[in-house]
1. Using the alpha-carbon centroid of each, what span in Å lies between region 193-272 and region 85-146?
2. What ranking, highest mean first, results for peptides 76-85, 160-169 when packing means the other Cβ atoms within 10 Å averaged over each residue?
3. Helix 143-165 versus the longest principal axis of the chain: what angle, 0 to 90°, nearest 10, using Cα atoms?
4. How big is the dipole moment of the chain about its Cα centre under a simple scheme where the beta carbon of each Lys and Arg is +1, that of each Asp and Glu is -1, and everything else is neutral? Debye, nearest 20, please.
5. According to a simple spin-label model (label point 7 Å from Cα along Cα-to-Cβ), what is the distance in nm between residue 148 and residue 169?
6. Beyond 30 Å between alpha-carbons counts as too far, so tell me which of 76/226; 32/61; 148/373 fall in that bin.
7. To the nearest 10 degrees, how steeply does helix 123-140 sit against the main Cα axis of the chain, on a 0 to 90 scale?
8. What's the center-to-center distance, using Cα atoms, between region 10-77 and region 163-177 in Å?
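The values are calculated or read from the model by the stated rules, or taken from the named source; none is laboratory data. Just so it is clear, the model here is predicted, and its values are computed rather than measured. Methodologically, a virtual Cβ is constructed for each residue, glycine included, from the backbone with ideal geometry; neighbour enumeration extends over all protein chains shown. Side chains are part of the model used for accessible areas, which takes the heavy atoms of the whole protein and leaves out ligands, DNA and RNA. Shrake-Rupley method; radii C 1.70, N 1.55, O 1.52, S 1.80 Å.
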Amino acid sequence: MSKFKKLIASILPGIFLIGYNVGTGSVTSMSKAGANFGLDLLWTILISCLITYYLIVLFSKYTMVTGDTIIQGIKKYIHPSIAIILITALSIIILSALMGLVGILADVLQVWSTSILDLGISSLFWAISIATSIYILLWVGNYAFFEKVLAVFVAIMGTAFIATMFINFPSVEELARGLVPTLPETAEGSDNSPLIIIAGMVGTTVSVFAFIIRSQIIKEIGWKIKDTKLQKRDAFISASMMFIISAAVMITAASTLHVQGLTMNNVAEMVPLLEPIAGKAALGVFVIGIVAAGLSSHLPNLLVIPWLIIDYKNEERNTQTKKYRIILFVLSVVSIFGVAFGFKPVFVLMLSQACIAIILPITIACIFYLTSKKALMSSNVNRIYDFIILSVILVFSIYVSSLGIEGLIADLATFLV
């Protein structure tokens, strides 16, 4: 194998995380932040990606030292019920995410198709096409195949978003100001609080799913503590690309929509808003980026529940058995429910918000505890600086979670009125 091929193979686990983490949720959060506040919240992306890098390395180190995934570690050394609670919460979030992600993608493609065809192509057609295409990939592939597919999606997504960023690229001074932590004034509208938007940006970047999946991937590829240098390089590439792609989306929205005084709440709204400013060609490139981002998230989203079950049972990670193919088929069908039936799963979405708010601090507290046990980590146990960093991250995650719970209470109040 050539040196170049070895390098690509060594960074594919990190590219897998980019594909998972930078999806339509991230695109929506970054676009909304850019449209509403310009580059004022660019610092949030930087801090989130720094936290993500540190936690990717920490979760990886735990698995490289112990040979256990984080789920197995929680089950063995904390309590099986905590592992079950995490798996249940993550599954609820995934069911909601599957419907929401395919729905957003279908809406974006439907809106975009009207700019080419008079009547456009229906959202239902796009939803069925997306669900079917990804299920076929899952039917024929294994993890190594998924890595290569996501690498293609990430390359397309990164190229598209970075290209559209240069439509009206800001000055170096503007970029520098955006990296200085400030809190902009609340934009008009109850859902436009900078605190709520920051919570959404952090939630889509500092992803519990990414850390748990990372732990599983490290075990599968067999990296040990001697591979620390390789693992850190992979994590750095992953976090850096997350920052670049997320920043590119924010810059695109800031330099087009924000300067026009236009705001948005959903990424599908960005398509008709962007066209008169950027033109059809640039819009087409941006839509390609959104689709690549959505597909790169939808594929691993479908795998999460089977992988969590396999992880808890400590089985071989093979999703091509009859049982898991049936589960993946059911999840694929569920993913088109929102579009097919006009179903807006308000209650499920609210439950998922509550779960997101709860599981991030719990997961960080669990890895904090496990990596602090000398009996498990030996000479790789947390140092004083790890205690300080993890304490700050834990407090930060609790604060972000409180914002999520605040949003949940507001949604419940609206729902019950």
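1. One Cα centre to the other: 19 Å.
2. By packing density, highest mean first, the sequence is 160-169, 76-85.
3. For helix 143-165, the angle is close to 40 degrees.
4. Magnitude of the dipole: close to 1940 debye.
5. Calculated label separation equals 3.4 nm.
6. 32/61; 148/373
7. 30 degrees
8. So the separation of the two Cα centres works out to 24 Å.
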